[in-house]
Amino acid sequence: MSVANSGLNSPTLSLAGTVAPPNMDGVIELMDVLKRTMDQLGGTFETLGQTTQAVEQLQGEPALDSVQQIAALRKHLVLQDRRQNAKMDEIKRLLKDVLQEEIVEHLQGQITQQIESIIDEEVEAQVQAQLAYHIPPTLQQTVANNQQQLHDVQYSLHNAEARRANGQLRSNNLHGTLHPLYKRDGSVSEHFPKDLTGLLTLDGDTAAKLLTDYAIDPADSREKNLNKFMNFANVGYQVVPFDMATAITI
């Protein structure tokens, strides 16, 4: 199945992955029916046992009475069998309905998502094509340069304000928020600590990864890497290693 658009190659819409299982409401309803059916089957087996005993007892009774009782028991078992068959048909119907409904809902959601994704891609391609047609290349380059300059200004302003705020943190407030700095792409490193305590308790590997995220070459020790990052973030502390402990000095 595919969605086509004149003048553009459209991606193929594929249905990948396995179908999601039915929801729990349908399964619970089905289990209730199965339980009731098993209870009735138990009753049927009990009836069969009683029938066996009854037949044994009939051997000593008059023939006419025996025939009548056997006919009554046979009629009862036939009716019981019909009820069991009806229950099994109900189970099959419920199972079919639940599976069909869940499969249809799952496929509809998957198809809708893929169609929306294809439409987004087509719209983006059309917009780019129209821009290329109506806007001269020199003007497009000017716009791109202006956007990059705007990004650089926003990046610099944010980091300057974050460094100013971090410079006001004091040692008596180790849980004070450490204001995050942007990387060049405008995102924040996943290793950026949320406060001074988190920063001072970084392990060596995480401290090195944090520096790398901000294009800073890591040093050969945890303490040096922490000091590098503190300078970068304008935190007014330095970590000094001792033989058995680490001290924090202003």
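Throughout, read-outs are computed from the coordinates displayed, never taken from laboratory work. Nothing here was measured: the structure is a model prediction, and the numbers come from that model. Because the Cβ atoms are built from the backbone with ideal geometry, glycine has one as well, and the counts that use them run over all protein chains shown.
For this structure, a couple of remarks:
- All-pairs Cα distance distribution in region 165-249, expressed in whole percent, bin size 5 Å: 3, 15, 27, 27, 18, 7, 2, 0
- Within straight-line cross-link reach of LYS87, lysines at Cα separation under 24 Å, skipping those fewer than 8 residues along the same chain: LYS35, LYS75, LYS96
- Note on THR197, THR138: ascending count of other Cβ atoms within 10 Å places them as THR138, THR197, the fewest first.
- Relative packing of 164-175, 141-152, which averages over residues the other C-beta atoms within 10 Å, highest first: 164-175, 141-152
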